[in-house]
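Only one structure is covered here, and it is reproduced in the block below.
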Amino acid sequence: MSMRCPDDPTEVFSDAESFCAAHMCSLEPVVVENAPESEPSATSTAGGARPERQPWSTKVCWHCDTESPVETNVECLRDGCGRSLTPPALYLKFRDGEVELDRGGQADLGRRGEHGHVFRGFPNVSRRHAVIGVDADGRAWLSPSSTPNGTFVNGTELAPSIHTTLRCGDVIRFAADAEGTVTLYDL
């Protein structure tokens, strides 16, 4: 998707379209910033440095921040949480759900499959919109599928089938408004 309605920038259109019927206006091209030349697969970060990994401890639940009264606990004791006190390597939080991956794991993201419930409220997200993964060494990445509605990291549209390295705090967006935040944990 590389065309937008000037009256509503959240509406994105394919290159073949030139008119927004809802707002009765011509579409404008989307301006896409390029990734830095020194690291073509890495995303740029505006506003300075971010931590590479989120710190954590088994003394506090990484998910709900509940303190663990006993150091030997391995699960959160808060009702409704009950998660392992050891976080996943990657945690991706969307409005309607979460995706967790351990090192060496990957997942298809879109309206179908294991994480389909996360995107059910977003009809412009493709059935298989992208693949996200964490290598055995802890490097997190995102690889968009060829979809007409686009995949973005920190506002920059990604080219299909190219692995883009993710960093803690990156914001992923599928299509117009399925937005999630990346948290990486050092394990």
* Yes or no: E52 at pLDDT 75 or above, touching a Cys at 6+ places or on another chain (Cβ under 9 Å), closer than 27 Å to A159 by Cβ and open to solvent by 90 Å² or more (accessible area, probe 1.4 Å)? -> yes
* To do: Assess whether R111 counts as being of a type in the set (K, R), out of contact with any Leu (no Cβ under 9 Å at 6 or more places or on another chain) and either closer than 27 Å to G155 by Cα or at pLDDT 95 or above (or both).
  => yes
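When you look at A89, is it without any contact (Cβ under 8 Å) to a residue 40 or more places away in the chain and crowded, with 16+ Cβ neighbours inside 10 Å, yes or no? Working first, answer last.
Values: without any contact (Cβ under 8 Å) to a residue 40 or more places away in the chain: no; crowded, with 16+ Cβ neighbours inside 10 Å: yes.
No, not satisfied.
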* If you go through region 152-175 one residue at a time, do you hit one that is open to solvent by less than 50 Å² (accessible area, probe 1.4 Å), small (G, A, S) and in contact with a strand residue (DSSP E or B) (Cβ under 6 Å, 6 or more places away or on another chain)? -> no
* Test set (1) in a strand (DSSP E or B); (2) more than 16 Å from A175 (Cα to Cα) - F152 fails condition number -> (2)
* Asked: Does any residue of region 109-116 turn out to be assigned to a loop (DSSP other than H, G, I, E, B), crowded, with 16+ Cβ neighbours inside 10 Å and within 13 Å of the chain's Cα centre (by Cα)?
  -> yes
* Asked: Going through region 152-175 one residue at a time, which ones are over 24 Å from Q54 (Cα atoms) and free of Cβ contacts under 8 Å to residues at least 60 places away in the same chain?
  -> L158, A159, P160, S161
* Since H23 meets every condition but one in (1) at pLDDT 70 or above; (2) open to solvent by 80 Å² or more (accessible area, probe 1.4 Å), which condition does it not meet? -> (2)
* **Criterion violated by G82 - all others in (1) at pLDDT below 95; (2) within 29 Å of K59 (Cα to Cα); (3) open to solvent by 90 Å² or more (accessible area, probe 1.4 Å) satisfied** => (3)
* **Residue selected from region 118-146 under the condition part of a loop (DSSP other than H, G, I, E, B) and under 23 Å from D186 (Cβ atoms), by the criterion least open to solvent (accessible area, probe 1.4 Å)** => G138
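The values are calculated or read from the model by the stated rules, or taken from the named source; none is laboratory data. Quantities reported herein were computed from a predicted structural model and do not represent experimental measurements. Note that each Cβ is placed from the backbone with ideal geometry, even for glycine, and that neighbours are counted across all protein chains shown. Quick note on the areas: whole protein, heavy atoms, side chains included, nothing else; ligands and nucleic acids left out. Shrake-Rupley method; radii C 1.70, N 1.55, O 1.52, S 1.80 Å.
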